[in-house]
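Structure record follows, encoded as structure tokens.
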């Protein structure tokens, strides 16, 4: 039997990549679109078995594009609608058209996997296996507060580490985003403190990757920058990714670390969080 085809449409590259990767691992053939109009054109040309589409997208919103595809006389296709903010109106519109709804929140992937199993019951084992694998990726939470400092400037790391250790906090150091991801997945820090500008992936890249895995999805991230960031960049860093929070704080690098350390201590005292879906 040929692989089932899924068309995933979302203008958030982090969500698009995470969903595409997970669906491919389950054995689906995946195509993508970054706006509603592109999704509509691709769906009419390729006739996928399923479309996963975000509500809010440029060119044409996901609901309107889906309604065009589900008009009488068109080829049958299942649709999972993805939204950051669920409303009674959106739910009613989806139910009226026989579409599934998944919200970008902590149980986002569970919403998706439940819908996939209902649509493709013959693939239930592969879908469940992928869901279980994501859950198994969650690590044991350490009892000692631990901060992961990410900066390509080793002196910054040493400065923060010396101050944090005096507060009884364990410190890990990574010079780039790739190393930080490995340390976060293996040691589950209470907080990640990362420089914004780094040569091999900036803070936004690191946040989106952390939010893509259950083991690291809920780790609070604080961003440091040598320069003031503009409002659009700050908004980008603080946006939700896959239903999880973005940066919980943005600070300018300074020898006065009182505000930074107050935020770090707050989250260290609260303890590390785990994805309840994991």
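The values are calculated or read from the model by the stated rules, or taken from the named source; none is laboratory data. Everything numeric here is computed off the predicted structure, so don't read it as measured data. Heads up, the Cβs are rebuilt from the backbone with ideal geometry, glycines too, and the neighbour counts pull from every protein chain shown.
Some observations on this one:
- Taking the criterion of being out of contact with any strand residue (DSSP E or B) (no Cβ under 9 Å at 6 or more places or on another chain) and buried (at least 20 other Cβ atoms within 10 Å of the Cβ), the residues of segment 205-241 that qualify are 209, 214, 215, 241.
- Taken together, the residues in segment 83-100 that are touching a strand residue (DSSP E or B) at 6+ places or on another chain (Cβ under 7 Å) and modelled with pLDDT under 90 amount to 5.
- Failed condition for residue 41, given (1) closer than 18 Å to residue 5 by Cα; (2) assigned to a loop (DSSP other than H, G, I, E, B); (3) without any contact (Cβ under 8 Å) to a residue 40 or more places away in the chain: (2)
- The condition of being outside any helix (DSSP H, G or I), at pLDDT 85 or above and on the phi < 0 side of the Ramachandran plot holds for only one of 224, 237, 167, that being 224.
- Residues within segment 115-127 that are modelled with pLDDT of 90 or more and either more than 26 Å from residue 3 (Cα to Cα) or surrounded by 15 or more Cβ atoms within 10 Å (Cβ to Cβ) (or both), tallied: 6
- Condition check for residue 19: crowded, with 18+ Cβ neighbours inside 10 Å, in the same structural domain as residue 90 (by TED's automatic domain parsing) and farther than 15 Å from residue 242 by Cα: no
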